[in-house]
Amino acid sequence: MKPIILALLTFSFISLTSFSIDYREKPTVEQVQSTMNDYGKIVWYNLVTPNIEESKQFYGSIFDWSFQDINLKGQKFVIIKYKSVPIGSMLELPKADASIWLASVSVGSVKDITKRYIDNGGRLLIDSFNVSGTGQQVILEGPLGEKMAYINNPASPISLIDNGPNQWIWAELWSTNADTSKAFYEKVWNIETKASKVKDKPYWYFEKESDKVAGMITNPVEGANTQWVPYINIADIANLNTKLEALNANIMLEPQSTDYGSIIIFQDPHGATLCAQNYSN
């Protein structure tokens, strides 16, 4: 295992603030729509990266993704597609210290979720802004430094994450203090936390109306900050491992078998952490 990149999630928020102004000018883009308003569930992922071309090259070489480039008055923005269906996006922030995958949670009101964050020890990173075709959004930070976006678009909500191949299947909080995270998200998300064990190690499920919406573990990376880590469904983990090795990628966890399929955890060239899993159930 290579040394872990410890610059995770340490962004220049001056750059992020200026990004929010440009982002308002984003033109309408093709989006997947649904008649469902599944508030409280993750519906989208956005990669914030200091170099969007390098990120496109990396992810395009390991996943079966295509990219739609959009210029936002000089701000580079990309829609990620799998078989022509939008599943996420990329945003370039040249002054960012590292890349990060930001999950977007569907909510009934970005104003209300922002207030709950602030009232319970979180903070506002980017004030609410409107993006044509996707709705009102806000980016917030939890009490341990983890970042997450929230989105509201009741008229035309983005579809739920699809558990199909090469698509998102799960999100996991790697927390440096599970008790703090549990108390925080139970209040701001209005959910329950169920304790469990995976291979004799503590594991927590965040549940909303009996549905599991995310998981939590004690941060396994020594010295790293609390962060949200997305899971993506990849059929051939061994082949992905070969591709990552050829790219000299930072493989944090070599392929391992679990009760829910083989997994591998790695970082992209700029430090964003991602878990790939062969998940068929």
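The values are calculated or read from the model by the stated rules, or taken from the named source; none is laboratory data. Just so you know, these numbers come straight off a predicted model, no measurement behind them. FYI the Cβ positions are ideal-geometry reconstructions off the backbone, even for glycines, and counts take in every protein chain you see. Ligands, DNA and RNA are excluded from the accessible area calculation, which covers all protein heavy atoms including side chains. Shrake-Rupley method; radii C 1.70, N 1.55, O 1.52, S 1.80 Å.
Quick look at the values:
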| item | result |
| --- | --- |
| Pairs with Cβ under 7 Å, 6+ apart, first in segment 78-96 and farther than 21 Å from P269 by Cβ and outside any strand (DSSP E or B), second open to solvent by 10 Å² or more (accessible area, probe 1.4 Å) and of a type outside the set (F, W, Y) | none |
| Tabulated pairs, segment 170-190, first closer than 21 Å to T114 by Cα, second open to solvent by 60 Å² or more (accessible area, probe 1.4 Å) and part of a helix (DSSP H, G or I), C-beta under 8 angstrom, 6+ apart or interchain | K187/R116; V188/R116 |
| Selection from segment 102-153 of residues that are acidic (D, E), within 21 Å of T180 (Cβ to Cβ) and outside any loop (DSSP other than H, G, I, E, B) | D119, E141 |
| Residue match in segment 250-272 (condition: surrounded by fewer than 20 Cβ atoms within 10 Å (Cβ to Cβ), hydrophobic (A, V, I, L, M, F, W, C) and farther than 30 Å from D179 by Cβ) | yes |
| Test: residue in segment 48-68 that is in a loop (DSSP other than H, G, I, E, B), at pLDDT below 85 and open to solvent by 20 Å² or more (accessible area, probe 1.4 Å) | no |
| Any hit, segment 220-239, residues being under 15 Å from P143 (Cα atoms), assigned to a helix (DSSP H, G or I) and open to solvent by less than 50 Å² (accessible area, probe 1.4 Å) | no |
| Breaking point among (1) part of a loop (DSSP other than H, G, I, E, B); (2) open to solvent by 20 Å² or more (accessible area, probe 1.4 Å), for E245 | (1) |
